[in-house]
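Trainee: I'd like to ask you about the structure that follows.
The values are calculated or read from the model by the stated rules, or taken from the named source; none is laboratory data. Note that the structure is predicted; figures quoted are calculated from it, not measured. Note: ideal-geometry Cβ built from the backbone for every residue, glycine included; neighbour counts use all protein chains shown. The area values use the complete protein model at the heavy-atom level, side chains included, leaving out ligands, DNA and RNA. Shrake-Rupley method; radii C 1.70, N 1.55, O 1.52, S 1.80 Å.
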There are 2 protein chains.
Amino acid sequence: MNIKHEIIKCLTVISALCLFFIGSTTAQLFENSQPATTNISKTTCPCVLENLSVVFQVKAPEAKKVQIDLGKMYDMDKDDQGIWSVNTNPQVPGFHYYSLVIDGVKVADPASESFYGMGRMASSIEIPEKGVDFYEIKDVPHGTISSKYYFSKVTNGWRRLFVYTPPGYDTNSKEKYPVVYIQHGGGEDERGWAEQGKTDIILDNLIAEGKANKMIIVMANGNVSVGRGGGGYSSAGMAAFKEEMSSNIIPFIDKNYCTLTEVKNRALCGLSMGGGQSFYVGLESLDYFGSIGIFSSGIFGGINNPSGKEFDAEKEIPGLLSKSESFNQKLKLFYISVGEQDPRFEYTKKAVKKFQYSGLKVEFASFPGDHEWQVWRKSLYDFASKVFKY
Amino acid sequence: MNIKHEIIKCLTVISALCLFFIGSTTAQLFENSQPATTNISKTTCPCVLENLSVVFQVKAPEAKKVQIDLGKMYDMDKDDQGIWSVNTNPQVPGFHYYSLVIDGVKVADPASESFYGMGRMASSIEIPEKGVDFYEIKDVPHGTISSKYYFSKVTNGWRRLFVYTPPGYDTNSKEKYPVVYIQHGGGEDERGWAEQGKTDIILDNLIAEGKANKMIIVMANGNVSVGRGGGGYSSAGMAAFKEEMSSNIIPFIDKNYCTLTEVKNRALCGLSMGGGQSFYVGLESLDYFGSIGIFSSGIFGGINNPSGKEFDAEKEIPGLLSKSESFNQKLKLFYISVGEQDPRFEYTKKAVKKFQYSGLKVEFASFPGDHEWQVWRKSLYDFASKVFKY
């Protein structure tokens, strides 16, 4: 036996020790369950049971109280090894942010991948939805997500954005593509649609099935006024986002990608805060955007509108109701969606009804689910299959 | 005042509340300090003082004991608001993984960005190095990092890799480029060189200064045998990595990118575990790779070699010493680097001396620092400025 094998043996032992160490905050996989696809390790919990309840486990012998915050707060129980665990209620399918709460401090679960959401790197758990696989990677031609830096004159600094280009983009240098600018929600950034949203996989699948045209999708950071932490909802944030789009992002994309640059070939859409940005900035910029998508926005009322005052579309965007025909002529697609368990659901339906009553053409869709990524993945699927079809 | 402004006012209040909530686990910025560039928020701690000590803070009124694990363990002190803080010793410049330890549980600090290292999503802190800016984004032409899926016949599943393409790659469809395959360390994955390593920024700067040729850099996941958690060091892991490279990754890259495919235009390098892979798989695959780089590998002895047996290069790679001239003819660059405070330093120097004594051409470099990313960033800078120069 040569030293290579000796060393490899030693390193194998070290690797095993490392794995033990790495796994030391989590315990073994729970019986009759599947580890979540969002886990770091595919052999430990969190694990999803057949009834879609989830077993969480964490080793914390010295902690007084350990909980899981999954919207609802679950107290965990400690065994004699110091491993805390809990089996939750059955969960709604989809992608849920959650926190491990150790003696009152909300942190990311070391057993899970982290995603930028809730204004920090947060754990998430993917609960499978039976019969739904449009966001699962399949044996179809795959596009690319590219990471690009551009200089923003608004923030006076370098900023990152992600760009999805469809299959064949790299090899066909003559084709030009329409562009969707898609925005994340509050407490998220440009990573939202690339990671949580699975934009690339959804588009690859849609294009392979012939349900969507090939398109470029740009995922920029909508927190323009005050950096990552927030600010997108404020007046200053809205104005800064508008300027960022028109002065920096769109020119950068049109310069560096093979884009179709007519207004009809450019769309703006977004979720929650990004839906608010799409409504105000989009409708005020119909010389830039020919299609607009608003997913789960709070502007119509509900949880983001504690004033209780009714949404007055005509005041918000003058002419939207009284001159609806001129908006219809400019807008190739005006799309609004919301989750059916979202507190924004009834307010959104009411606003859409008013829009339609005034003659404004609106494509409305609702999906089962609360204010979460499963609704937004379905919104993207639906929006992408309808946009640029003329 | 219209409802838009009312709503925006309300939303601003909500945003402010959200920010307060987001920031509730961290406190205000420490006096006379700079927030670390690795922070989520640029207005809270961790913050770096002039002497390079770091103030960490976390709000945890109910915790019994809170610590920071930064290699050395620091106990934090609680004030009457429940905010724990500590000012560490002055830190070595560079990028350090660290953990927040709440009542004995090691977790990521919610105030920091997370990076996949130590087998989980881990916090890191960037300590600036005076006069060193080769990994800082500058006003130079920028390349792109693309995320790609390929199907692996070795793991029988879809895997992700990142590809750096240099400035001008997209617009000049006729030029072909040499390729560096660069590997991460144990407990890391394909994200290591893209995020911690700042490969794109380092190469953009090197190319702009005319110090490196334009090249493609491929960052694949080297944990082939057992998925993300580890396995790269084992015999099975090494063999699986070799097959993954030759059967899946290299053909995928040569098919999808404008590559120069002669052996001399292909390099393999890596850090720590990836350095071991570069040594064994690289030297056994000189029909694939014309240049090899080994950064901070434990194969020569030290912390990864508890057997204490001396490294015998001739046994590991037959002919490496006795037929060094044949290796010299095949290898355009055989590069070895290590940190000067790394326990592997003396062993590496000793091995290099033996290599050179036997007539094997080795480019050796050492940099101040332990087994950390600052040494690896400098290794990439050095390696990239030397490779493909003939």
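Trainee: Can you name the number of the only condition in (1) crowded, with 21+ Cβ neighbours inside 10 Å; (2) more than 10 Å from chain B (Cβ to nearest Cβ) that A:Gly276 fails?
Mentor: (2)
Trainee: Quick check on region A:327-368: of everything there that is open to solvent by 40 Å² or more (accessible area, probe 1.4 Å), under 27 Å from A:Gly94 (Cα atoms) and basic (Lys, Arg), which residue is nearest to the chain's Cα centre (by Cα)?
Mentor: Looking at residues that are open to solvent by 40 Å² or more (accessible area, probe 1.4 Å), under 27 Å from A:Gly94 (Cα atoms) and basic (Lys, Arg), I get A:Lys349.
Trainee: Of the residues B:Val66, B:Val107, which single one is facing chain A (nearest Cβ under 7 Å), β-branched (Val, Ile, Thr) and crowded, with 21+ Cβ neighbours inside 10 Å?
Mentor: So the residue among B:Val66, B:Val107 that is facing chain A (nearest Cβ under 7 Å), β-branched (Val, Ile, Thr) and crowded, with 21+ Cβ neighbours inside 10 Å is B:Val107.
Trainee: Hey, another quick one. Could you please let me know if A:Asp287 is of a type in the set (Asp, Glu), surrounded by fewer than 16 Cβ atoms within 10 Å (Cβ to Cβ) and within 14 Å of chain B (Cβ to nearest Cβ)?
Mentor: In short, no.
Trainee: So, in region A:312-326, exactly how many residues are open to solvent by 20 Å² or more (accessible area, probe 1.4 Å) and either more than 9 Å from every other protein chain (Cβ to nearest Cβ) or of a type outside the set (Asp, Glu) (or both)? Before the answer, list the steps.
Mentor: So in region A:312-326, the residues open to solvent by 20 Å² or more (accessible area, probe 1.4 Å) come out as A:312, A:314-315, A:318, A:321-323, A:325-326.
Narrowing the set further to residues that are either more than 9 Å from every other protein chain (Cβ to nearest Cβ) or of a type outside the set (Asp, Glu) (or both) leaves A:314-315, A:318, A:321-323, A:325-326.
Qualifying residue count for the region: 8.
Trainee: Looking only at region A:303-314, which residues are modelled with pLDDT of 90 or more and out of contact with any helix residue (DSSP H, G or I) (no Cβ under 6 Å at 6 or more places or on another chain)?
Mentor: A:Ala313, A:Glu314
Trainee: I've got another one for you. Restricting attention to region A:149-168, which residues are open to solvent by 10 Å² or more (accessible area, probe 1.4 Å), within 20 Å of B:Tyr164 (Cα to Cα) and either in contact with a Pro (Cβ under 9 Å, 6 or more places away or on another chain) or at pLDDT below 95 (or both)?
Mentor: In the first step, residues of region A:149-168 are kept if they are open to solvent by 10 Å² or more (accessible area, probe 1.4 Å); the result is A:149, A:151, A:153-160, A:162, A:167-168.
Filter once more, keeping what is within 20 Å of B:Tyr164 (Cα to Cα): A:149, A:151, A:158-160, A:162, A:167-168.
Hits for region A:149-168 are A:Pro167, A:Gly168.
Trainee: Sticking with this one: Looking at region B:87-104, which of its residues are among the hydroxyl-bearing types (Ser, Thr, Tyr) and more than 14 Å from chain A (Cβ to nearest Cβ)?
Mentor: Step one: filter region B:87-104 for residues among the hydroxyl-bearing types (Ser, Thr, Tyr), giving B:88, B:97-99.
Residue satisfying the conditions is B:Thr88 alone.
Trainee: Could I ask something else about it? Take A:Lys264 and decide whether it is within 11 Å of another protein chain (Cβ to nearest Cβ), open to solvent by 10 Å² or more (accessible area, probe 1.4 Å), in a helix (DSSP H, G or I) and over 24 Å from A:Phe367 (Cβ atoms).
Mentor: no
Trainee: Here's a follow-up. Yes or no: region A:193-201 includes at least one residue that is at pLDDT below 95, open to solvent by 10 Å² or more (accessible area, probe 1.4 Å) and not in a loop (DSSP other than H, G, I, E, B).
Mentor: No - not one qualifying residue is present in region A:193-201.
Trainee: Any residue in region B:239-250 that is surrounded by 21 or more Cβ atoms within 10 Å (Cβ to Cβ), more than 15 Å from B:Met219 (Cβ to Cβ) and under 23 Å from the mean Cα position of the chain (by Cα)?
Mentor: Taking every residue of region B:239-250 in turn, at least one turns out to be surrounded by 21 or more Cβ atoms within 10 Å (Cβ to Cβ), more than 15 Å from B:Met219 (Cβ to Cβ) and under 23 Å from the mean Cα position of the chain (by Cα).
Trainee: Whether any residue in region B:42-52 is hydroxyl-bearing (Ser, Thr, Tyr), surrounded by fewer than 19 Cβ atoms within 10 Å (Cβ to Cβ) and on the phi < 0 side of the Ramachandran plot is what I want to check.
Mentor: Checked against the condition, which is being hydroxyl-bearing (Ser, Thr, Tyr), surrounded by fewer than 19 Cβ atoms within 10 Å (Cβ to Cβ) and on the phi < 0 side of the Ramachandran plot, region B:42-52 yields at least one hit.
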